[in-house]
Structures are given as C-alpha cells and as structure tokens.
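The values are calculated or read from the model by the stated rules, or taken from the named source; none is laboratory data. The structure displayed is predicted, hence computed values, not measured ones. Cβ placement follows ideal geometry from the backbone for every residue including glycine, while neighbour counts extend to all protein chains displayed.
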There are 2 protein chains.
Amino acid sequence: MEVALTPLEFARRARRIYPDREAVVDGELRLTYAQFLGRCDRWSGALSRLGVGVGDRVVVIAPNTHGMLEQFYAVPQIGAIVVPLNYRLTGADFKYMIEHCAPAVVCVHADYIQTVEGLRGELTGVRHFVALTGSGPGWLDYESTLAAGAADFSRPVIDEDDVLSINYTSGTTSRPKGVMITHRNAWMNTVGTLVHNPMGAGERYLWTLPMFHANGWTYVWTVTAAGGTHVCLAKVDAAAVYSLVNRERVTMLSAAPTVLIAIANGPQAGRRDLRRGVRVATGGAPPAAATIQRIEGELGWVITQFYGLTETAPMILVCESRPRDAALSGDELATHKARQGVELITSGQIRVLDEGDREVPADGSTLGEIVVRGNVVMKGYYNDPQATATALRGGWFHTGDAAVVHPDGYVEIRDRFKDVIISGGENISSIELEGVLLAHPSVLEAAVVGMAHAKWGETPVAHVVLRAESAATEEQLRQHCRERLAGFKVPTQVRFVTELPKTATGKIQKYVLRKQLSAIHRQ
Amino acid sequence: MEVALTPLEFARRARRIYPDREAVVDGELRLTYAQFLGRCDRWSGALSRLGVGVGDRVVVIAPNTHGMLEQFYAVPQIGAIVVPLNYRLTGADFKYMIEHCAPAVVCVHADYIQTVEGLRGELTGVRHFVALTGSGPGWLDYESTLAAGAADFSRPVIDEDDVLSINYTSGTTSRPKGVMITHRNAWMNTVGTLVHNPMGAGERYLWTLPMFHANGWTYVWTVTAAGGTHVCLAKVDAAAVYSLVNRERVTMLSAAPTVLIAIANGPQAGRRDLRRGVRVATGGAPPAAATIQRIEGELGWVITQFYGLTETAPMILVCESRPRDAALSGDELATHKARQGVELITSGQIRVLDEGDREVPADGSTLGEIVVRGNVVMKGYYNDPQATATALRGGWFHTGDAAVVHPDGYVEIRDRFKDVIISGGENISSIELEGVLLAHPSVLEAAVVGMAHAKWGETPVAHVVLRAESAATEEQLRQHCRERLAGFKVPTQVRFVTELPKTATGKIQKYVLRKQLSAIHRQ
C-alpha cells in the first residue's frame, strides 16, 4: 500500500487539487497548474519519443524560467534524471560535466546556445540538443516540439531510492562532483522545508535563488506541494526584485546573504514602497547578524536561516525560533538568527565532531566538523566511488564545515575547514571577523582570508566593499575590530575593493582572494 | 545512510534540542524534555528487565496522564508494540482485546484497576500487571519500579515498516479489530499534521482528545516533534478546559465536534475571559457548519478540520484553506470548513469511487466511497488476514464512508455507508440533515437515523438535544427542515432526548438509536 516518497507525488496532488490556481508567472506568461503540468506531460511525451528512458540523463542549462522549471517534472516522471548545470560556468566546465554524466539530451536557454554550440562537435554522445528559447542549427525547438506532441508516455514505477537529479558541486577546489539526489532525499527536504517554513494558501514565491542550485533548495517542488505560485526571475537585480515583489504580491523568496545585501542596497526609490512582511529563507553561506538586521529593519522582511550542502538535498540545520526569542533585543535576535541552528525534523542526525570523532562540548567555542546521517544524505557521487567512500566514511557524510555548538544546542559555522586561519597556533574564524566588519556602518561586504606569514604562520587579511557614499580608513576598521575582538584576530591588512569574486550562488570565492594575495606576496 | 522513519526520531531530536523546555504538565507535575524522556528511558529499562522484548505487546488503559504518554515512547524504543485501549469500554471488552493481542504486560490507571483485577484470573498469558497510579494486590507499582530502575536497555534497529502500535477499532458493528500502525505510518501522520497545522516555538497543546484514540491522532509524538508542551487533562469537562486553557496559556487542542459543542456550552462565567485564538484541530466525526461557526464566533478559536480513520494513522483529508476563503462571509466560510477537504501531502492518494470503481464526478451530489492508498495506510488487522484482505482489496483501503466531491475538489462526507437512509429509492444523508437541525438556534445536538417503513423502506428520524433554556416543538423543527431541504428528507419524527449515546471519542452511536427505534417499532 505504500507509495514511493517522490516529489512527483506533489505534482499529482497539485494537478488534482489546484488545477485552476496560478502555478507559474514568467514575464507575460501565466500558467495554471493544469496548464503547467499539461506542458510537462507533453514534454515528457516528446522526450519519450526522442528515446529518453529510465535512468537516462537530461542536462539543462537555463536561468529561472518556466522552461527550466518544467524539466524538474517532465524528466523524472519518465524515470530519467535531471541534471541542472550552473549556467554561469564556462564552456570548458559545461563540457566536463556533460561528458561526465553522458546525457541523452541537453536543453539550453538562448543565452547559452552559442557556448554549447561551440562544444557540439566534441559532445558526440548527446543525441539531441534542445533550444528552450532561441535557436541553433540542427537544434530542436522546445516550444514547437512540445506543442506538436501528445502527452503519451508511460510513468515507470519509481523506487524512492532511485536517482532523481544529479547536481554538480561548485568545484572550487577540484573537479565538480555529480551529487546523486534520490526521490526520497528530495521529498524529505521538501516536506522538512514546509514544516520549518510553512506555506499557507496563496503563497507567491519569487525565484531569486537559481533553480540549478540544489534544485532551488527543492523549492522547484515545495511551491507546487503547497499550491503556491512560482514567480520566475531570470536575472536578479534589486530593481527587478522590487518591481516583481510589488506587482506579483510576492510573499516568499530564498536568497544567499550576498543577494540579500544587493537587494537591501538597491535604488532608494524602489525600496520606499516595497511590500513588507516578505518571508525570506536564506542559506548557501552564513549571513552576518548585521545583514539580517539590515534586511529585517530596513525592508521589514522576516528571515529564517537554513544550512545545508548539495550533498544533503540540501537542508540539515534551521535556525528555529525559540520561545525566549520574543524577549530579545533586535541586536540579540539578529545575533541568534545568524546561527545555523538545529536539525530539521527531516534531516536526520547531526553531530559536530572533534578530530577524535567525539562530539565537541556545547561551549560556543570548541571547533568541530559537522557530520550528518539520514534521509537527506545523497546516494553518492555519480561515477565516483572513491570520492563517495571518502565523503560518507563511517556511515556519516562529512561536510568539511567547522562549527561550534552553543550552550542552547544551536550550531554556528565558523568556517569551511580550509578557510580557518591559523595564526600563532590560534584558530581565527573568517566568518566571525567578517561579521564584525559588516557591523560597521560603512561596510557593505567583507571577506577575510589568511595570508602566509613568516612568524605567525598566517595572518588575517580583510577585503572590504564600502557602501555607496560611505568612507572608512584601514585604521578605522582595524580599530573597530580591536574594540570587539581579541588582538590576534584583528586583520593585519584591510584591502578596499569594488567587488568580491563570487560563485553563481552568491558564495564568495575565497580561493580567488588567496591567489591574489599570494601573487602579491611573491612579487 | 538512511534513518528509519519513526516517531522515536522526534524524541531523539527533542532530547538533543529541547532538553530544558517544558515537555509535560500533569496537575502539579511539570517535566522538562530531559526529565520526561529520562523517565521513559527508566521505564524502558524496567520493561526490559521484566522480559519485554522486540515484538511483544504492552497494553495500556489510562486517561490522558503523563504515565499514559510515557508508554508511547518507553514501549516502542525497546522494539515492543504499544496497545492503548479505550478506557471507557467494559471489562468484557478489555478481556476480549487483551486475549486477542496477548500482551506481556498490562499497565492500568487507578480508575480501571478494579475492573482489570476482576479479569486477572482469566488473563493467564499476561506476565505483569502494572498500576500506573493506585495499586492492586500483586500489581507492580509504576512509579517505584521506574524510580528504582536504571535506563539500561538496548535500542533495537527499527525497520520503518515494523509495527509501532495496535489500535483497536471501536467495534460498534462487530468485534474490535486491532489496527497495526507502523513506525512509517505514524511518522507520516505526524509530519503531515505539522505541515497542515504548523506548530511554532512554544506551543502548548491541551490533551482534550483521548491519547488512545489513534494515538491521539499522533499528537503524542507531534507535540514532541515541535518541542511543544503536553498539557494533560484526564477528564474533559468545559470548566476544566477553561481553567487549563487560561492557566497554562494553551495555544492548540484537538477534539471531536461533540466535545467542541460541550466546550462551547459550558458555564458562562468561565467562557467570558477565555483565552482567544486557540487553534483547534477537529476530527473523528464531521462537524456541522453551525458548530464551527459557534466555536469560532463565540470563543474566537480557529478550527481546522481533518478526516481520517484508525486504519489510516489516521489523517487522509484536511480542509485546507484556499486563497478565495478570505472573501467569504462567516456563513459561507463555516459551510466550507465543514467539508472534509483534500489530501494531505503525506496521506497518499484518495479517490471517491462509485459501485463500478469509477471516480464520481465533482458535482457535489454523486455519492461514492472514499478509498486511499499510501504511506499512512495500516499494515493490516492484527491476526486477522481475512478482514485485512477485505479492507485492503485491490490495493486500496476502503473506508466505508460515503462522500461527494465538490466542484473545487473538496470531499464532503455524507455518511457511513451503513448510516445512509434510503427512502423511496432516494439517498438521504443523515449528516446533511443533522447539519440543518444544528443550524436551528434551539438545537444543541442532533442525530438522524433511518427507521423501517412499510411503504418507503426507511424514513429519517431525528433525535435532538435542546440547548439549555431553549424550546422547540417537533413541528417547528420539521418546518425548519422543510424550508431548507427536499420534502423527502424532512424527518418523519423528531424525538427530544436529554443526551445522545456516544463512544469514548465523542462519536454518536447510531446503532444504539436504531436499536431503540426498532424496539419501539416492534411494540
């Protein structure tokens, strides 16, 4: 009598219960759930006729558009595996990932057709290239193929441990790895997200988070499960966000902290009448307390932080509110909300372990590595048994994130282990230091990395973007840090920059900053 | 890497995250989660030493007390099966069920010790009788056994399809059947309940619903999953509810409609200052729109209706709010809220089938039977393969409930199939007729059953309890019905009674009314 745990069940339910509700808004296009899922069915039919079957991979390279969203339904419901690539990567990256997962079909948005077209000669295993928008020589046209086809395809029986998607890691330190997310993994994350960030009737979700990023943290399915509306946004800039939030009566969105900073610092004119009360799920990188306070204070939006990794479908911690939070000041609350928090009820078991695999004390200072086992942990890395065995050693997934546990049990990330700065034998958390810098009124963004130092091993170097029409000197910022931190944590250098290098998902690329520093160092 | 879906995971998580939160209030006793789960562990240790092991049954007969609640944790975490009996049944019923499930241990609250003591000579298979409160000759004392013991027991590996509890059906028409609920079933219902009736920080849940009833609709675990407080209440009367709601700052409760009616009609004095905004999950029987309006209007509480059966863990429908509801009048909204609604995202697939196993049209009038398949459907009836095969025939659980589907997809129960009145070939829904009677200002409660009739086959007979200090004549009530219903639905008789026969869970026992009528008929 059991039914497999799969996000496809949310689509089945939505089709039954919400056929006339608005499912998707994409520019001028508006689709009800009946229309949207009908389109998915016709594309499933077309893919079947193109020979795509159970276990085949379908790559998609597209920004947040209805055509992108449709792949998350049309591909898995024929038993195939959806592989959404980060569209901001280079042609060489695309080539590596496409060769690695060997898809039957590659679907591409107009903006990336030229890049992929340049690779076609080398991608001999791919049977069909599909232009989701735009066109290319010998490419199938998505809309006309879909329109011509019938929804005649067979729905294979899904086992909940079957692979639903392959999501490539960002690959900042090594080749991207293909994370295999199962139907059960994604179902869990969807339901856990709904428990910890509930959605009521008529929610309207703005797609500021890229859908390729851990399947848009599973909101590609979560919004559908709740019968909400997907409001697509292909290119995030503050003015576009303001305009859509108001015009489409947006109630929820998700975004990395850097994206939130950009939204909070957009044109004053658009901000003045901006709809308040929008609920924001943030994640992808730890937000500074100052960022949270700015968004909540200036925009009147409400932030909930989630923490996770592509390998964990992705959410494993949520900064759940506590009864005592009502009594906190704005400062104290923002400091609490900047912590990554506690297990979701769906995420399984989380521990923070020291080098001897013992749990660290809940003292808010002892560093350990976050590990997790449970129903959101990936099946493994695609075609990479060795990396899989390493990541899942001992039956736990090892996140590589260094964290402390506070006395109330809330976990706070201090760094990627590789980003911890070790100075004179002391650990310095770059995230803690960045949090202090961001609390300075003139600082818009900050990134701290370690620089090799003959005597101390490493010393912290800050990279700072100032807010528009603000000013600060290096000495002022060092003084600001000195008043708030132990002496050895004060940056030995503050470098003022106009922007920070970032990944497509808004994470700061510290390895780029470290490379720049070592280049300077070598001069 | 997967972790079994089991409510025991909620306890593990609560112990880790909420150790200092108030878990249980029971009279003067207050326990934090660390204390409460520590007690459960010591009782698990004691049960182990008493020889209770994997797959053994432990029967419990007790009202809503901390000792009752503890069984839902202490028993399953040693791999045993908890069997909570309806304490309002007779000694003969207890004997039947205890012999049927052959438990190793029977735990009994003081109020029922005498009854069970009277059966002891016949219950030779039971190894230990435990007095949860009170005492009996040769009975183990719960508190001293628990206090003396250590929490030394081994936690077996749980398979999510293992049986967690056996819950006996009410057995109004036949012998009670033992519904086997798996760990996965209960986990699903808990999480589904949290999605559709979210719990935030610091919720305080009043135990008006008996914990034995489908495991208190799984709130025995749901409250713990959310880190809320279980406020125990052994005996429900309106004055006690008013007092606890205010004193304990209750935010949520669950109750059958008849219990809600009793609460809404309690002493005026207590009602005046009653805390408003309490969220109420109702279920167990279809509430009349008039009841919903009375509770929401007079008490300022907010009702969400769920529908389910013991066999489905139990929830399979929820009257989910819709975007359009905001525009409805109070009357219209109450009428909508009186419908059972739509699938939960966890409940699996629901259909309403006609006699040819085809789905009925969504016309709000064609009757069909509700069937369900999915992750909340029981494993089967304990030691009853034949009843199991009948109930689960064709891979679907057959509810025996007759319902219509409205054009918006919302399901509305019209009757148990056996309660449908067939008069001159026309179906009359007793629930529809009761809803009309309840809308009359003088009517407190109503129950309609069919009486044999030479010409029409059956005719509807109404049983009515009037509100205090109200009056109505039979003709007035028939006139009230005549103005609102087709002529053939108007009750041929209205019988005024001072109370209606009810099950322990507040369901009206129509078979008792039918028996009385046929006795009169025979005279």
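Among the residues making up segment B:265-295, those that are in a helix (DSSP H, G or I), of a type outside the set (S, T, N, Q) and either in contact (Cβ under 8 Å) with a residue 40 or more places away in the chain or within 14 Å of another protein chain (Cβ to nearest Cβ) (or both) are B:ALA289, B:ALA290, B:ILE292. Please name all residue pairs, on different chains or six or more residues apart, with Cβ atoms under 9 Å, provided the first residue is in segment A:44-58 and is in contact (Cβ under 8 Å) with a residue 60 or more places away in the chain and among the aliphatic types (A, V, I, L, M) and the second residue is surrounded by 15 or more Cβ atoms within 10 Å (Cβ to Cβ) and assigned to a helix (DSSP H, G or I). Within 9 Å, the pairs are A:ALA46/A:ALA74; A:ALA46/A:TYR142; A:ALA46/A:THR145; A:ALA46/A:LEU146; A:LEU47/A:ALA74; A:LEU47/A:ILE78; A:LEU50/A:THR145; A:VAL54/A:ILE78. Selection of segment A:304-332 for residues being free of Cβ contacts under 8 Å to residues at least 40 places away in the same chain and either crowded, with 19+ Cβ neighbours inside 10 Å or within 24 Å of A:MET211 (Cβ to Cβ) (or both) yields only A:GLN305.
Scanning segment B:227-239 for residues that are under 20 Å from the mean Cα position of the chain (by Cα) and assigned to a helix (DSSP H, G or I) returns a single hit, B:ALA238. Which of the residues that make up segment B:356-374 are out of contact with any His (no Cβ under 7 Å at 6 or more places or on another chain) and either surrounded by fewer than 17 Cβ atoms within 10 Å (Cβ to Cβ) or closer than 23 Å to A:ALA4 by Cα (or both)? Listed by number, the residues that qualify are B:GLY356, B:ASP357, B:ARG358, B:GLU359, B:PRO361, B:ASP363, B:SER365, B:THR366, B:ILE370, B:VAL372, B:ARG373, B:GLY374. When segment B:159-208 is filtered for residues that are at pLDDT below 95 and of a type in the set (Gly, Ala, Ser), the ones remaining, listed by number, are B:SER170, B:GLY171, B:SER174, B:GLY200, B:ALA201, B:GLY202. Of the residues that sit in segment A:179-197 and are surrounded by fewer than 24 Cβ atoms within 10 Å (Cβ to Cβ) and touching a Lys or Arg at 6+ places or on another chain (Cβ under 9 Å), which one is nearest to the other protein chains (Cβ to nearest Cβ)? Residue satisfying both the conditions and the ranking: A:ASN197.
Okay, residues lined up against (1) within 13 Å of B:VAL83 (Cβ to Cβ); (2) in contact with a Pro (Cβ under 9 Å, 6 or more places away or on another chain):
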position	(1), (2)
B:SER165	yes, yes
B:ARG175	no, no
B:ASN185	no, no
B:LEU194	no, yes
B:GLY202	no, yes
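Highlighted here are the strands (runs of 3 or more DSSP E) found entirely within segment A:319-420 that include at least 2 residues which are in contact with a Phe, Trp or Tyr (Cβ under 6 Å, 6 or more places away or on another chain): A:368-373, A:397-405. Scanning segment A:303-348 for residues that are closer than 14 Å to A:VAL411 by Cα, away from chain B (no Cβ under 12 Å) and among the polar types (S, T, N, Q) gives A:GLN305, A:THR335, A:GLN340. Quick check on segment A:299-309. Is at least one of its residues over 18 Å from the mean Cα position of the chain (by Cα) and in a helix (DSSP H, G or I)? Yes: one or more hits.
On inspection, A:ASN427 passes the criterion of being part of a strand (DSSP E or B), more than 14 Å from every other protein chain (Cβ to nearest Cβ) and of a type outside the set (A, V, I, L, M, F, W, C).
Checking each residue in segment A:358-395 for being among the charged types (D, E, K, R) and away from chain B (no Cβ under 14 Å) picks out A:ARG358, A:ASP363, A:GLU369, A:ASP384.
Here segment A:377-428 is the region considered, the condition is being in contact (Cβ under 8 Å) with a residue 60 or more places away in the chain and among the small types (Gly, Ala, Ser), and the residue that is farthest from B:ILE17 (Cα to Cα) is A:GLY424. In the set B:LYS502, B:LYS510, B:LYS489, only one residue is charged (D, E, K, R), over 23 Å from B:THR282 (Cα atoms), surrounded by 14 or more Cβ atoms within 10 Å (Cβ to Cβ) and in contact with a strand residue (DSSP E or B) (Cβ under 7 Å, 6 or more places away or on another chain); that residue is B:LYS489. For A:GLY283, the test of being at pLDDT below 95, buried (at least 24 other Cβ atoms within 10 Å of the Cβ) and among the small types (Gly, Ala, Ser) is passed. Just for segment B:213-226: of the residues that are within 12 Å of another protein chain (Cβ to nearest Cβ) and assigned to a helix (DSSP H, G or I), which one is surrounded by the fewest Cβ atoms within 10 Å (Cβ to Cβ)? Within segment B:213-226, the match that is surrounded by the fewest Cβ atoms within 10 Å (Cβ to Cβ) is B:ALA225.
Candidates are the residues of segment B:440-469 that are of a type in the set (D, E, K, R) and buried (at least 16 other Cβ atoms within 10 Å of the Cβ); the one that is farthest from B:ALA262 (Cα to Cα) is B:GLU458. Taken together, B:SER154, B:SER165, B:SER144 contain a single residue that is in a helix (DSSP H, G or I), closer than 23 Å to B:GLY38 by Cβ and more than 10 Å from chain A (Cβ to nearest Cβ), which is B:SER144. Modelled with pLDDT of 95 or more, under 22 Å from A:ALA486 (Cα atoms) and within 14 Å of chain B (Cβ to nearest Cβ): which single residue out of A:VAL352, A:VAL405 fits that description? Testing whether each residue is modelled with pLDDT of 95 or more, under 22 Å from A:ALA486 (Cα atoms) and within 14 Å of chain B (Cβ to nearest Cβ) leaves just A:VAL405. Of all the criteria given as (1) in contact with a Lys or Arg (Cβ under 8 Å, 6 or more places away or on another chain); (2) in a helix (DSSP H, G or I); (3) not hydrophobic (A, V, I, L, M, F, W, C), the one not satisfied by B:TYR112 is (1). Within segment B:391-420, being under 20 Å from B:PRO314 (Cβ atoms) and among the aliphatic types (A, V, I, L, M) holds for B:ALA391, B:LEU392, B:ALA402, B:ALA403, B:VAL411, B:ILE413.
Taking segment A:3-99 as the region of interest, the helices (runs of 4 or more DSSP H) fully inside it that hold 1 or more residues being crowded, with 19+ Cβ neighbours inside 10 Å and more than 14 Å from every other protein chain (Cβ to nearest Cβ) are A:33-49, A:66-74.
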